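One structure is given here, and the rest of the page talks about it.
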Amino acid sequence: MRFGPFEIMILLAIFFLLFGAERLPKLARAAGQSKGEFQKGLNEVTGEPSSANTIADLEAGGKTKSVELAQKAEALGIDVSGKTSEEIESEIASAEE
């Protein structure tokens, strides 16, 4: 079933009555952003992996930068609980000096 101009006008009138004129643009903006984020995620999943990212992941041994940083801090005897990456990096730098 296809919607003609008259049916679309009726639907818009119902939306205005239900949601109000102020809220309708916000709903449309949120729907557009959601669609954009979904499309971006879909492209990430279905797209071919970047060889640069794959090589970097293999060289890191599957560890993220934060995991590697936490392991290095623990090896130096630094407690990492509740600290940001920047705080941990500064403590590692001061411990290595």
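Just so you know, all these numbers are worked out from the coordinates, no wet-lab data involved. Predicted model only: the values in this text are computed from it and were never measured. FYI the Cβ positions are ideal-geometry reconstructions off the backbone, even for glycines, and counts take in every protein chain you see.
By per-residue mean of other Cβ atoms within 10 Å, what is the highest-first order of 2-13, 86-97?
So the peptides 2-13, 86-97, ranked by packing, come out 86-97, 2-13.
Just add up the charged neighbours of Glu37: K/R +1, D/E -1, any other residue whose Cβ is under 14 Å from the Cβ of Glu37. Could the numbers behind the result be given before it?
Values: positive: Arg29, Lys35, Lys40; negative: Glu44.
Neighbour charge sum, excluding Glu37 itself: +2.
So how many Lys-Lys pairs in the range 5-97 land under 20 Å Cα to Cα, not counting same-chain pairs under 8 apart?
Counting lysine pairs in the range 5-97 gives 5.
Can you compute the FRET efficiency between Ile8 and Ser34 using 1/(1 + (r/R0)^6), with r the Cβ-Cβ distance and R0 = 25 Å? Round to the nearest 0.05.
Once rounded, the FRET efficiency stands at 0.70.
Ala21 versus Glu97, label points 7 Å from Cα toward the beta carbon: distance in nm?
Result: 6.4 nm between the two label points.
Two-decimal Rg/Rh of the chain from alpha-carbon positions, Kirkwood Rh?
Working: Rg = 25.5 Å, Rh = 19.0 Å.
Result: Rg/Rh = 1.34.
When the Karplus curve 6.51 cos²θ - 1.76 cosθ + 1.60 is applied with θ = phi - 60°, which whole-Hz ³J(HN,Hα) does each residue of the range 83-91 get, with x for Gly and Pro?
Listing the rounded values in order: 10, 7, 4, 5, 5, 5, 4, 5, 5 Hz.
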